[in-house]
Amino acid sequence: MSRPGTLGELKSSGWESTSVKEEIRRNAIARIRAGEPLFPQVMGYEDTVVPQLENALIAGHDIVFLGERGQAKTRMIRSLVELLDEWMPIIAGSEVNDDPLAPISRYAIHLIAEHGDETRIDWVHRSDRYGEKLATPDTSIADLIGEVDPIKVAEGRYLSDELTLHYGLVPRTNRGIFAINELPDLAERIQVSMLNVMEERDIQVRGYTLRLPLDVLVVASANPEDYTNRGRIITPLKDRFGAEIRTHYPLELDAEVGVIRQEAHLSAEVPDHLLQIIGRFARLLRESNSVDQRSGVSARFAIAAAETVAASARHRGAVLGEPDPVARIVDLGTIVDVLRGKLEFESGEEGREQAVLEHLLRRATADTASRALGGVDVGPLVAAIEDGSPVTTGERVSAKNVLAALPGLPVLDAIAERLDAHSDGQRAAAVELALEGLYLAKRIDKTSDEGESVYG
């Protein structure tokens with residue numbers, strides 16, 4: 001279907017002007033009525049953040065997201081674009097996306113006055129109606145609002161003439177969504193420049209008030225004030241946001257694991273019980289008094305942990321010639337070695353970082369093994385190991401060698417069935433979970449040396 005190419009054709013088509021907030025409201029309500037999720041890629045917020053955000057969008061409020069790092073703030077902001085209409089008409093050549101039926105710039109007004117219904121129309125995709133600025137201390141008013149262009153002045157225009165202005169990001173996002181990430185990092189004097197945009201909906205440059213009634217949904221993200229020490233959101237600006245939405249880390253383990261499974265790019269198979277260990281590990285870190293909770297334990301930590309475990313399995317597969325490596329308990333040790341620097345510890349914990357991480361990882365492993373294998377009678381396995389059937393595993397021990405060292409017991413099939421393990425790699429991973437759980441429960445011994453561990 002061809003779209004109107006001139007102002008006259010647009011009028012004849014019956015198209016009607018609408019504000020960006022009304023447009024988002026209409027599309028959000030349509031999705032809610034259809035039972036479609038507004039943010040299908042965001043997990044763990046279904047009963048908390050998402051209802052608040054839906055209400056804010058329906059109310060037509062500018063929004064600020066407050067939350068610690070790794071809580072999907074930026075993802076939700078960028079997802080708002082999907083609530084815009086797919087295509088929007090503008091006056092051809094307009095730098096501020098002038099509405100053909102309600103132009104605001106002098107350029108568009110003059111063009112329509114000259115050409116009337118023959119004025120050319122362009123169509124803008126919703127992906128081009130989104131502007132984003134990462135707030136940094138060196139961000140200027142010119143970046144956000146605009147600046148007088150000396151070349152245009154030299155061409156003979158007056159300074160007070162709107163046509164001398166080189167527009168900044170905000171006016172160029174007119175009839176769209178403008179986002180500021182890490183808003184407190186924006187210098188306070190620069191935050192002041194947003195006051196008129198959010199309330200009076202006009203802009204000021206070099207002392208000249210340019211009455212451009214901008215139509216913009218302003219969205220920002222920030223860390224809570226007790227976390228960031230780099231700045232703050234000035235009170236008048238904070239007051240202009242209609243909705244302040246607090247984000248959080250996943251409240252349930254299933255959501256935590258779901259985020260890992262969704263976001264992690266795994267180079268080898270990681271069984272579900274290992275993902276649960278990683279999820280529980282992240283949650284224990286968020287509860288630990290040894291970790292600085294003001295900086296948080298990002299979901300990115302758990303995602304990176306899963307990717308590191310998968311990489312360890314892939315590396316072992318390359319060394320030992322395993323075509324389809326599967327991550328096992330032995331690969332969890334790489335998390336502590338590689339990702340310790342992603343955490344901030346409380347003062348007084350210097351030198352104890354590794355011990356803290358190893359302790360919490362053991363707790364997560366023990367809890368997972370207990371829950372995953374609860375009800376399975378592992379007594380015959382304990383007896384077989386105590387009677388002289390030790391099992392050796394490690395970074396350089398293949399899955400087949402792990403299985404070969406095991407006695408032929410029905411309980412091993414029960415463990416494999418419980419953990420849905422079928423291939424050699426999956427069965428070895430399942431058995432290692434059982435053995436590590438028995439060791440942590442102090443039912444069998446384990447000795448470790450030079451990359452190998454012997455249960456027995």
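In terms of its C-alpha gyration tensor, the stretch 7-246 comes out oblate, because a/c is 1.5 or above while a/b does not outweigh b/c.
Residue pairs exceeding 21 angstrom between C-alpha atoms, taken from Lys133/Lys238; Lys133/Lys342; Lys73/Lys342: Lys133/Lys342. Simple point charges give the picture: +1 on the Cβ of Lys and Arg, -1 on the Cβ of Asp and Glu, and for the chain a dipole about the Cα centre of about 340 debye. Annotation: amide H of Gln41 has no partner in the under-5 Å range at sequence separation 5 or more or interchain, hydrogens built in the peptide plane. Ordering 178-187, 355-364 by mean Cβ neighbour count within 10 Å, with the highest value first, yields 178-187, 355-364. Remark: the Asp239-Arg69 segment gains 58.9 nm on full extension, using 0.36 nm per residue and subtracting the alpha carbon distance.
Remark: the stretch 195-203, residue by residue, has Karplus-estimated 3J(HN,Hα) of 4, 5, 4, 8, 10, 7, 6, 10, 10 Hz, where x stands for each Gly or Pro and the curve is 6.51 cos²θ - 1.76 cosθ + 1.60 at θ = phi - 60°.
Put simply, when 127-140, 315-328 are sorted by average Cβ atoms within 10 angstrom per residue, most first, you get 315-328, 127-140. Seen from all directions on average, the chain presents a Cα convex hull projection of 28.4 nm². Where a ≥ b ≥ c are the square roots of the eigenvalues of the C-alpha gyration tensor, would you call the stretch 19-161 rounded, which needs a/c under 1.5, or, failing that, prolate if a/b is larger than b/c, or oblate? Oblate, because a/c is 1.5 or more while a/b does not exceed b/c. Looking at the square roots a ≥ b ≥ c of the eigenvalues of the Cα gyration tensor of the stretch 381-456, which shape do they give, rounded for a/c under 1.5, prolate if a/b is larger than b/c, or oblate? It comes out oblate by the Cα gyration axes. Residue exposure proxy: Thr393, Thr447, ordered by other Cβ atoms within 10 angstrom of their Cβ from fewest to most, comes out as Thr447, Thr393.
Here the Karplus relation 6.51 cos²θ - 1.76 cosθ + 1.60, evaluated at θ = phi - 60°, turns the backbone of the stretch 127-133 into coupling constants of 5, 9, 9, 10, x, 9, 9 Hz, with x for every Gly and Pro. The spacing between the stretch 176-198 and the stretch 88-110, judged by their C-alpha centroids, is 24 Å. When shorter helices are ignored and each DSSP H run of at least 4 residues is given -39500 (n - 2.57), the per-residue value for the chain at 222 nm works out to -12500 deg cm²/dmol. Protection proxy ranking of 409-421, 211-223, by the mean of other Cβ atoms within 10 Å over each peptide's residues and highest first, is 211-223, 409-421. Dipole size of the stretch 7-246 about its Cα centre, with +1 on Lys/Arg Cβ and -1 on Asp/Glu Cβ: approximately 360 debye, rounded to the nearest 20.
In this structure, the amide hydrogen of Ile121, modeled 1.01 Å from its nitrogen in the peptide plane, lies closer than 5 angstrom to those of Thr6, Leu7, Ala92, counting only residues at least 5 positions away or on a different chain.
When DSSP beta bridges are limited to those with both residues in the chain, what percentage is antiparallel, rounded to the nearest 5? Here the share of antiparallel DSSP bridges comes out near 55 percent. Taking the charge dipole of the chain about its Cα centre, with +1 at Lys and Arg Cβ atoms and -1 at Asp and Glu Cβ atoms, the residue from Val291, Asn181, Leu57 reaching farthest to the positive side is Leu57.
With R₀ fixed at 51 Å, the C-beta to C-beta distance from Asn196 to Glu450 puts the FRET efficiency at about 0.15.
Near Val216, the amide H atoms lying under 5 Å from its own belong to Arg175; only residues 5 or more places off or on other chains count, and H is placed 1.01 Å from N. Membrane-span-like helices in the chain (whole DSSP H runs, Cα extent of at least 20 Å along the helix axis, mean Kyte-Doolittle hydropathy of at least 0.5): 299-320.
Read-outs: derived from the displayed coordinates by stated rules, not from any lab. Computed from a predicted structure; not experimentally measured. Cβ coordinates were reconstructed from backbone atoms using ideal geometry, including for glycine residues, and neighbour counts include every protein chain displayed.
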